[in-house]
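For reference, the structure discussed in these notes is given below.
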Amino acid sequence: MKTAFTPSRRKFLQQSAAIGGGLTFGFHVPEALAQRSDAPGAEMNAWVVIRPDDTVIIRYARAEMGQGSSTGLPMLVAEELECDWRKVRIEFVSTSEQLRRNRAWGSMATGGSRSIRDSQEYLRRAGATAREMLLAAAAQRWKVPGSECDAENGVIIHRPSRRRLRFGQVAQGASKLEPPGEVKLKDPRDWNLIGKSANRLDIPDKVTGKPLFGIDVQLPGMAYAAIAQCPVFRGRLRSVADERILGARGLIKVVKLEDAVAVVADNWWRANRMLKTLPIEWDAGPDGGASTASIREFVRFGLEDTSVPVARDEGDVEAAFAAAAKVIEAEYYAPFLNHAPLEPMNCTALVEGGRVEVWAPTQNAEATHATAAATAGVPLENVDVRLTHLGGGFGRRGFQDYTRQAVAIAKAVEGTPVKLLWSREEDMQHDYYRPMTLMRFKAGLDAAGNLTAWRIRDASHSILAGVRPQDIKEGVDRHALGGIVDLPYGVPNLRIEFAMRNSHVPVGFMRTVFHSQNPFMRECFVDEMAHAAGKDPYEFRRALLQAKPKDLGVLDAAAKASGWGSPLAAGAHRGIAVQDSHGSYAAAVFEVSVSGAGELDIRRVVVAVDPGHVVNPDSAEAQVQSCVAYGLTSVLWGEITLSQGRVEQSNFHDYRIMRLAEMPKNIEAVLVPSGGFWGGMGETPLAPLAPALCNAIFAATGKRIRSLPLSNQGLRLV
Amino acid sequence: MIEFTVNGRKRSADVEPEMPLLWVLRDVLDVKGPKYGCGIAQCGACTVHLNGEPVRSCSVPASAAAGQNVLTIEGLAQRGRMHPVQKAWIDHQVPQCGYCQSGQIMAAVALLKKNPNPSDRDIDAAMTNLCRCGTYARIRTAIHAAAQSMKPAKA
Ligand code: FES
Ligand code: FES
């Protein structure tokens with residue numbers, strides 16, 4: 001594996017002499033830090049390599065973007081391997097190895113909180129298989145039955161004779177044995193690592209400023225590219241007066257793409273500065289007049305349309321409305337949002353002699369690989385993608401627009417590695433945005449305040465329409481209806497309708513995806529129902545969740561931890577919400593006060609989560625905190641607006657991100673893993689936050705929040 | 001040619017005087033700890049110390065650093081030993097993606113130098129760097145812990 005990673009160093013140095021002039025950079029690529037493979041090791045299987053000094057290398061094939069899975073996934077392997085956790089090192093897998101070994105590492109994509117739940121079984125199996133091989137090798141050496149041997153903390157012990165062999169001593173022999181066909185995985189009760197907090201393996205390098213990220217890739221002779229993309233989505237480049245910068249200091253080349261212009265120079269600042277002085281003419285295309293208002297009206301038509309696809313139709317809602325003692329209706333709105341990972345999009349590529357090498361902070365390495373091959377026009381075998389750490393991802397880095405651009409630019413300067421970096425402004429204005437969504441609800445209650453009928457009309461952009469249109473069946477995008485079509489509440493008459501309304505704005509998966517806006521709408525409306533029924537919003541939900549023990553479990557856990565129903569300090573009010581997503585369950589309670597002038601004080605946040613099993617509780621708690629910061633940023637201030645077809649926000653001064661002083665001081669993560677399933681942890685805690693907060697605001701003010709962000713509703717965080 | 005000291009070493013760069021210090025460090029001198037997040041002094045990912053003061057290096061021209069002392073995260077450890085702030089960052093498992101953390105740590109070190117025992121309010125006021133991963137609660141805890149560990153031992 002090591003040789004596959006080693007780039008042609010001599011070649012780079014020659015290039016650097018040829019074009020780099022006085023550049024005397026070292027060579028460093030982030031993966032090298034993750035590997036440090038100096039000593040050879042014995043490969044037990046695709047995941048586990050053991051060195052003579054007992055170092056255990058566990059390979060990691062997903063994307064580390066802060067969620068901690070580059071520690072959590074190796075913990076799963078190590079649990080079964082029975083190795084010494086302190087001796088574990090991580091090695092990133094490259095896509096050429098993955099291709100050569102027939103996808104030995106399964107999916108390399110990271111999204112939908114799937115890293116642990118989708119790979120836990122084969123990772124634990126890989127650890128168990130390696131352990132069995134080590135045991136067999138030791139037993140052979142001692143000439144004793146394998147059943148008399150145990151593996152423990154990196155050592156194999158022959159029980160009767162108390163003899164010991166370290167993993168490093170038997171690994172070479174073990175790696176030559178036939179892997180066992182069947183292995184038994186440990187009972188969760190016997191876990192030593194899983195479920196106990198472990199220090200993350202990536203943190204020491206992150207506090208010492210190591211060059212881990214895509215933006216840090218440094219290759220000898222490397223050039224730097226800055227890019228300007230057509231500000232109106234789907235628009236085109238008409239012309240660029242590149243003669244204006246001919247001979248400018250550091251200029252290497254101006255590259256024209258169909259919808260963008262890139263300047264390649266000897267450092268990024270020069271490239272970007274030249275780019276800003278370039279007169280560029282764009283062909284905006286048909287969408288150059290679109291605005292937030294026009295798009296909203298276009299999407300909203302989906303609420304009025306008389307004929308739209310039906311996702312669920314049970315009982316007879318119309319008859320039930322007619323018979324209801326009370327009928328309520330409401331309409332909700334959620335705007336476009338930008339992912340805004342702190343590391344802007346970037347990708348480094350080298351095209352040379354029919355081969356492409358790519359270094360990318362990507363959430364989908366195999367898609368990066370395929371994109372690079374297609375863009376360069378070379379077979380898949382001639383491409384390699386090396387993973388770096390990601391400076392945040394949140395779903396943005398699954399899309400491959402930046403890879404396509406980097407490879408196209410590298411192709412234009414063949415033989416020179418190029419690092420393409422987007423400015424923050426480009427990043428803000430060229431996202432795959434969280435979709436704008438509107439929803440209209442109508443509910444009927446009987447005289448006792450029981451819910452008898454519920455009609456939901458969802459009018460939304462569809463992400464699947466862009467990425468997997470074949471999954472949209474008969475006009476219904478069940479993905480866009482997440483949290484709606486799979487409603488946990490028991491209601492006898494239910495009708496769910498879906499109107500797909502795609503504007504020219506590209507949309508994509510943003511942390512929690514449709515569970516970032518749908519729960520806000522659903523759970524606030526459930527609060528409206530409870531209010532109309534004259535019932536406590538917690539008790540109202542409990543009654544409707546009797547058939548859903550896991551939703552009920554987190555709801556109860558959040559209510560209990562928050563002291564739901566107990567007296568509050570003067571001026572304080574509570575709100576509650578529940579939402580399952582990504583295979584896990586979460587409920588939140590907010591405690592707030594709101595002054596007459598709209599000053600919102602978030603006094604306490606309680607989030608209960610049931611992900612089935614918790615691998616690393618400390619990391620799970622960090623994810624809850626992270627969801628609070630990310631989720632509240634969206635609720636409080638998040639809004640991407642358009643005018644003249646283009647995004648109006650450009651940087652953090654007009655797209656506000658929560659700062660430390662604004663982070664609620666009182667956040668409680670209540671982890672209630674109920675066992676028996678594996679759910680996600682990076683997204684689910686976010687889902688109930690917006691509605692719990694807005695319901696608390698209603699309790700405090702009597703004002704319903706049906707449109708986000710709160711900054712547009714006369715509310716200001718204090 | 002602009003000359004200055006980076007992490008105790010004399011360095012020189014043949015750059016335009018208006019080139020931001022951040023890009024001189026990253027692209028010319030290969031000092032990658034300071035990060036680019038916004039380029040307009042909003043996020044703090046590029047925070048370094050200029051003569052001991054925290055600055056947002058994306059918005060400091062190279063000319064302003066001429067003849068001065070620049071300290072980046074790479075220069076924080078002394079004789080191979082991590083700074084107490086770095087240690088507190090590990091003890092409290094602060095980083096998530098880690099992208100903002102060089103800047104956060106440099107801001108925290110500067111705060112503690114000025115104010116060895118900061119209150120929550122002091123931390124609120126000094127720590128204005130963005131963290132998109134929301135590590136704020138742990139940053140706060142780690143700063144308090146580092147302040148404790150840096151107290152001179154009482155005789
Ligand atoms: S990059 Fe300097 S403050 Fe953001
Ligand atoms: S740790 Fe990711 S931005 Fe701060």
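Any read-out appearing in this document is the output of simple, stated calculations on the displayed coordinates, not a laboratory observation. None of these values were measured; they are calculated from a predicted model. Here the Cβ positions follow ideal geometry from the backbone for every residue, glycine too, while neighbour counts run over all protein chains shown.
Here the residues A:Leu303, A:Leu123, A:Leu438, ranked from fewest to most Cβ neighbours within 10 Å of their Cβ, fall in the order A:Leu303, A:Leu438, A:Leu123.
Couplings 3J(HN,Hα) of segment A:335-343, computed from phi: x, 5, 9, 9, 5, 6, x, 5, 8 Hz, in residue order, whole Hz [Karplus 6.51 cos²θ - 1.76 cosθ + 1.60, θ = phi - 60°; x for Gly and Pro].
Over chain A, dividing the summed -39,500 (n - 2.57) contributions of all DSSP H runs of at least 4 residues by the number of residues returns a 222 nm mean residue ellipticity of -9000 deg cm²/dmol. The order of A:Ser161, A:Ser626, A:Ser462, going from fewest to most other C-beta atoms within 10 Å of their C-beta, is A:Ser161, A:Ser462, A:Ser626. With loop membership from DSSP and a limit of 16 other Cβ atoms within 10 Å, the longest segment of chain A without GluC sites (Glu not before Pro) is A:1-181. A Cβ-based charge dipole, computed about the Cα centre of the protein assembly as shown with Lys and Arg at +1 and Asp and Glu at -1, lands at about 2220 debye.
May I ask which residue of A:Asn272, A:Ile456, A:Ala78 lies farthest towards the positive end of the charge dipole of chain A, with charges of +1 (Lys, Arg) and -1 (Asp, Glu) on Cβ and the Cα centre as origin? Comparing the listed Cα positions along the dipole, A:Ala78 ranks first. If the segment from A:Arg162 to A:Asp536 were pulled out straight at 0.36 nm per residue, it would be longer than the present Cα-Cα gap by 128.3 nm. Rounded to the nearest Hz, the phi-derived 3J(HN,Hα) couplings of segment A:585-594 under the Karplus curve 6.51 cos²θ - 1.76 cosθ + 1.60 (θ = phi - 60°) are 10, 9, 9, 9, 10, 10, 10, 9, 10, 10, where x marks glycine and proline. Exposure proxy shown here: for A:Trp142, A:Trp47, the number of other Cβ atoms within 10 Å sets the order, fewest to most, as A:Trp142, A:Trp47.
Using alpha carbon coordinates only, what is the Rg to Rh ratio of chain A, with Rh defined as the Kirkwood radius?
Working: Rg = 27.6 Å, Rh = 27.6 Å.
With Rg and the Kirkwood Rh in hand, the quotient comes to 1.00.
The HN-Hα couplings worked out from phi for segment A:205-222 by the Karplus form 6.51 cos²θ - 1.76 cosθ + 1.60 (θ = phi - 60°) are 5, 7, 9, 10, x, 5, x, 9, 9, x, 5, 8, 4, 9, 10, x, x, 6 Hz, whole numbers, x standing for Gly and Pro. Once both labels are positioned 7 Å from their Cα atoms along Cα-to-Cβ, the gap between A:Asp150 and A:Asp53 label points is 3.0 nm.
Here is the P(r) of segment B:84-150: all C-alpha pair distances, binned every 5 Å from 0, give 4, 20, 35, 27, 11, 2 in whole percents.
Amide H contacts of A:Arg604 (H built 1.01 Å from N, in plane; Pro and chain starts excluded): A:Glu591 sit under 5 Å, all sequence-distant by 5 or more or on other chains. Inter-chain neighbour count for B:36-49: the average number of beta-carbon atoms from partner chains within 10 Å of each residue's beta-carbon is 5.
Quick one: net charge around B:Ala41, please, counting Lys, Arg +1 and Asp, Glu -1 for every other residue with C-beta under 12 Å from its C-beta. Walk me through the numbers on the way to the answer.
Details: positive: A:Arg424, B:Arg56; negative: none.
Net of charged neighbours comes to +2.
Computed from label points 7 Å out along Cα-Cβ, the spacing between A:Glu182 and A:Asn712 is 6.0 nm.
Bridging of A:Lys143 to lysines at a Cα separation below 30 Å is possible for A:Lys87, A:Lys176, A:Lys184, A:Lys186, once same-chain residues fewer than 8 apart are set aside. Spatial offset of segment A:557-604 relative to segment A:108-176 amounts to 47 Å, using the alpha carbon center of each.
Peptides A:611-617, A:272-278, A:684-690 ranked from most to least packed, by the mean per-residue count of other Cβ atoms within 10 Å: A:684-690, A:611-617, A:272-278.
Which trypsin sites (Lys or Arg not before Pro) in segment A:565-674 pass both tests, a DSSP loop state and at most 14 other beta-carbon atoms within 10 Å?
On the way: sites: A:Arg574, A:Arg603, A:Arg604, A:Arg646, A:Arg656, A:Arg659, A:Lys665; in loops: A:Arg656, A:Arg659, A:Lys665.
Here the trypsin sites (Lys or Arg not before Pro) that fit, given the DSSP loop and packing criteria, are A:Lys665.
Testing the spin-label approximation: label points 7 Å from Cα along Cα→Cβ at B:Asp122 and A:Ala447. State their distance in nm. So the label points at B:Asp122 and A:Ala447 sit 6.7 nm apart. For the peptide A:652-664, the mean number of other protein chain Cβ atoms found within 10 angstrom of a residue's Cβ is 6.
Averaged across A:618-624, how many Cβ atoms of other chains sit within 10 Å of each residue's Cβ atom? Present the calculation step by step, with values, prior to reporting the outcome.
On the way: counts 3, 2, 0, 3, 9, 3, 2.
Counting Cβ atoms of other protein chains within 10 Å of each residue's Cβ and averaging gives 3.
Applying a DSSP loop filter and a limit of 11 other Cβ atoms within 10 Å to the trypsin sites (Lys or Arg not before Pro) in segment A:69-175 leaves A:Lys143, A:Arg162. Candidates A:Asn712, A:Phe520, A:Leu632 compared by Cα position along the dipole of the protein assembly as shown: farthest toward the positive end lies A:Leu632, with charges placed on Cβ.
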